[in-house]
Amino acid sequence: MCTSKNKFCVSLFESFTEIKPISTINIIDFLFNEKYKNRVNEVRSCKDKEQRKALKSKLPCITPSGVFSTRSNAGLIQHSGLICIDIDGQDNQHIKDWNLIKKKLSTFTGLYYCGLSVSGNGLFCLIRIAKPEYHARHFTALKVDFKKLNINIDEACKDIARLRCISFDETPIYMPMAGAYEKRKEIAPKWLKRPVKLSSNADTTEIRVKRLIETIQNNHIDITDSYFDWYAVGRALAAEFGEGGRGLFHIVSQQSVKYVPAECDKQFDKCLNTCTQTGISTFFWMCKQFNLTTR
């Protein structure tokens with residue numbers, strides 16, 4: 001059982017195929033568990049791809065990024081403050097010495113643990129992050145930083161509910177006092193690529209709106225804390241830009257810890273149908289309450 005004194009609590013699953021966790025544990029008890037050492041070695045020595053996959057599927061797993069009620073992003077109860085990064089040998093065929101890479105990564109900011117994957121042909125790293133609510137943005141920044149080291153990381157690791165199979169490493173890198181990784185990279189919504197439908201006075205209005213949203217984005221200012229405010233912002237952007245305001249609404253909404261992309265989309269759909277009595281002046285007024293102006 002993981003107590004409140006243990007900082008990195010995670011959910012334990014019996015195998016890859018299970019949806020419900022069997023317990024909550026301290027991640028240390030998982031990382032340094034030698035109970036499955038022989039079974040891990042069996043996976044590593046197996047030459048048949050399908051058989052190796054079958055053996056691996058029966059090993060216990062955790063969700064390194066937190067405690068979950070069920071294995072899905074929506075099932076997150078508490079974030080652990082960690083992101084798990086996979087460095088797969090297949091995506092990094094130029095790497096021949098994994099111990100050398102471990103040593104190279106030992107000075108990487110935020111590195112908490114680095115060890116061999118269950119296959120033995122790859123590594124997994126646990127990175128402490130400063131702002132768990134910005135999990136995806138931290139991951140995007142990590143991807144850039146690892147690329148600078150000529151290391152490709154698995155894109156699927158962006159998923160908060162991503163599983164990590166138990167493994168074993170005789171000489172892992174373990175940095176329990178590691179500081180947090182601070183970098184975050186903004187994720188541009190795909191909707192920004194859509195053209196904005198401008199009203200007759202939009203030459204000036206569009207510039208003012210985008211300047212304010214850029215300030216909101218750069219300073220991570222949440223002007224949508226209450227549902228009423230969130231709805232009002234959505235209606236204002238929908239009234240002015242129509243469907244073209246969807247990406248702007250996502251950027252504003254992303255500054256809240258409550259942000260869920262699918263819910264944001266659903267809300268903007270609602271705003272498009274109820275925005276006839278609203279104008280962009282509502283958005284400017286709300287920004288003013290946070291001392292945000294274009295002057």
Please verify whether segment 14-35 includes one or more residues that are assigned by TED's automatic domain parsing to the domain that holds residue 160, touching a Lys or Arg at 6+ places or on another chain (Cβ under 9 Å), among the basic types (Lys, Arg) and within 17 Å of residue 158 (Cα to Cα). no
When (1) under 29 Å from residue 18 (Cβ atoms); (2) in a helix (DSSP H, G or I) are applied to residue 153, the one that fails is (2)
Filtering segment 257-295 down to residues that are polar (S, T, N, Q) and closer than 14 Å to residue 213 by Cβ, which residue is modelled with the highest pLDDT? 293
Tell me whether segment 160-171 contains one or more residues that are assigned by TED's automatic domain parsing to the domain that holds residue 70, at pLDDT below 90 and under 22 Å from the mean Cα position of the chain (by Cα). no
Can you name the condition, by its number, that residue 212 falls short on among (1) of a type in the set (A, V, I, L, M, F, W, C); (2) without any contact (Cβ under 8 Å) to a residue 60 or more places away in the chain; (3) under 11 Å from residue 283 (Cα atoms)? (2)
State all residues of segment 82-134 that are touching an Asp or Glu at 6+ places or on another chain (Cβ under 9 Å) and of a type in the set (A, V, I, L, M); if no residue qualifies, say none. 85, 87, 116, 123, 129, 130
Whether any residue in segment 236-245 is at pLDDT 90 or above and within 20 Å of the chain's Cα centre (by Cα) is what I want to check. no
Subset of segment 142-158 [at pLDDT 90 or above and under 17 Å from residue 84 (Cβ atoms)]: 142, 143, 145, 146, 151, 152, 153, 154
In this structure, is residue 104 over 27 Å from residue 59 (Cα atoms), touching a Leu at 6+ places or on another chain (Cβ under 9 Å), basic (Lys, Arg) and touching a residue at least 40 places away in the same chain (Cβ under 8 Å)? yes
Where a residue in segment 225-237 is assigned to a helix (DSSP H, G or I) and its partner, wherever it lies, is surrounded by fewer than 19 Cβ atoms within 10 Å (Cβ to Cβ) and of a type in the set (A, V, I, L, M, F, W, C), with Cβ under 8 Å and at least six apart: 229/286; 232/286; 233/286; 236/286
Keeping to segment 93-139, report how many residues are hydroxyl-bearing (Ser, Thr, Tyr), more than 30 Å from residue 43 (Cα to Cα) and buried (at least 18 other Cβ atoms within 10 Å of the Cβ). 1
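The values are calculated or read from the model by the stated rules, or taken from the named source; none is laboratory data. None of the values given here were measured: they were computed from a predicted structure. Cβ sites come from the backbone with ideal geometry, for glycine too, and all protein chains shown count toward neighbours.
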